[in-house]
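Structure first, then comments.
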Amino acid sequence: MALEGLHHITAITADAPRNVDFYVGTLGLRLVKKTVNFDQPDVYHLYYGDERGTPGSILTFFEFPGAGRGRHGAGMPYRVLWRVQDADALDFWSARLRAGGVEASRTDATLRFADPEGLEHELVAEDVPDPPLAAQADDIPPEHALLGFAGVRAYAGTTRASSAPLLEALGFKQTGPEAWRLAGAERRAEWHYDEPPGRGRQGAGSIHHVAWSAANDIELEHFRGVVAQAGARPTPIIDRQYFHSVYFREPSGVLFELATRDIGFAVDEPAATLGAELKLPVQYEARRAQLERALTPIANPRAA
């Protein structure tokens, strides 16, 4: 059994309309699911990704209106790495972001920038065999589209040295002093630790957790046992409707999730209209009218 790189990354926003404008309107991702936080249903959970909502492309956000700006620090992921096809794609994104008022820093093989709330992103031009995971935005040439995750950078906690046994148990291979790779049959992802600038604080623009991709409940149960044997404290398997999950913290402090890829986002709406309507877990359907009044109105630039 092998985990297939990243499944999704979940962050926090204080402003869902601006969040949708940036990730759909600027980055060209598809809004593949508009639902609510299963534990706090008056809060949005928005999912962006490729056309099908494929694990490995999914960036999600909880909206907490009015939340203060987060601060990245020890024991927190702070940068999302995306693949693009080549240097021409980096040129395209540099010009597009600049035209939209977004500052970006370019090197030969990367482009770094932040979203409106400070969440860092890095586009990486690399040639890998992983199938591309691209959304289809009318104003972004297909050859320049984002192609799914390349990895994540995190600020290390004081106990990062003790993370190695857990990472190795999950199938990560060390590629450098603070660098790891998790690779399955089709997808791989990089995991890097950097020196922290200080203590962090969850808030708008910060990453809440990082999820790694398991095939199904059989793999999930297997890796839950692996995690427990390695000294972490995994939760029971939790039904998140679009996948099943197990959560635990790695020793550096980062909240990890293992999520299955056997259910998917078309389980409650057609693939052609993913993200068009608010979808609620069954237990909250009776509260639909109340929740729709409480949730922030958003407009999808792609639908417009």
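Rounded to the nearest 20 debye, the dipole magnitude of the chain is 840 debye, with +1 charges on Lys and Arg beta carbons, -1 on Asp and Glu beta carbons, and the Cα centre as origin. Partners of LYS173 within straight-line reach, counting lysines whose Cα lies under 21 Å from its Cα and excluding those fewer than 8 residues away in the same chain: none found. Counted residue by residue at 0.36 nm each, then reduced by the alpha carbon distance between them, the extension gain from ASP268 to ARG293 reaches 6.8 nm. Multiplying the residue separation of ALA99 and ARG249 by 0.36 nm and subtracting their alpha-carbon distance yields 50.0 nm. Using DSSP loop states and a limit of at most 14 other Cβ atoms within 10 Å to flag GluC sites (Glu not before Pro), what is the longest stretch of the chain containing no flagged site? No qualifying site falls inside 1-102, the longest such stretch.
Run the paramagnetic zone check for ILE218: 7 angstrom along Cα to Cβ, then residues of the range 243-285 with backbone nitrogen under 19 Å. In the range 243-285, the label zone of ILE218 (backbone N under 19 Å from the point 7 Å along Cα→Cβ) covers 243-246, 259-264. Taking the chain as a Gaussian network, Cα atoms linked when under 10 Å apart, which of THR273, THR35, THR60 shows the biggest mean-square fluctuation? So, out of THR273, THR35, THR60, the one fluctuating most is THR273.
Helical runs (DSSP H, four residues minimum) scored at -39500 (n - 2.57) apiece and divided by the length of the chain put the mean residue ellipticity at 222 nm at -4000 deg cm²/dmol. Positive end of the dipole of the chain (Cβ unit charges, origin at the Cα centre): among VAL32, GLN283, PRO141, the Cα lying farthest that way belongs to GLN283.
Given springs between every Cα pair under 10 Å in a Gaussian network model of the chain, which of ASP88, ASP42, ASP138 has the largest fluctuation? Comparing ASP88, ASP42, ASP138 in a Gaussian network model of the chain, the most mobile one is ASP138. In a fully extended conformation the segment linking ASP138 and ALA276 would gain 47.9 nm over its present Cα-Cα distance, using 0.36 nm per residue. The order of ILE298, ILE12, ILE207, going from fewest to most other C-beta atoms within 10 Å of their C-beta, is ILE298, ILE12, ILE207.
Springs join every pair of Cα atoms under 10 Å in this Gaussian network model of the chain, and among ARG233, ARG79, ARG71 the largest mean-square fluctuation is at ARG233.
Any read-out appearing in this document is the output of simple, stated calculations on the displayed coordinates, not a laboratory observation. Note that the coordinates shown come from a computational prediction; the quantities given were computed from them, not determined experimentally. Cβ atoms come from the backbone with ideal geometry, glycine included; neighbour counts cover every protein chain shown.
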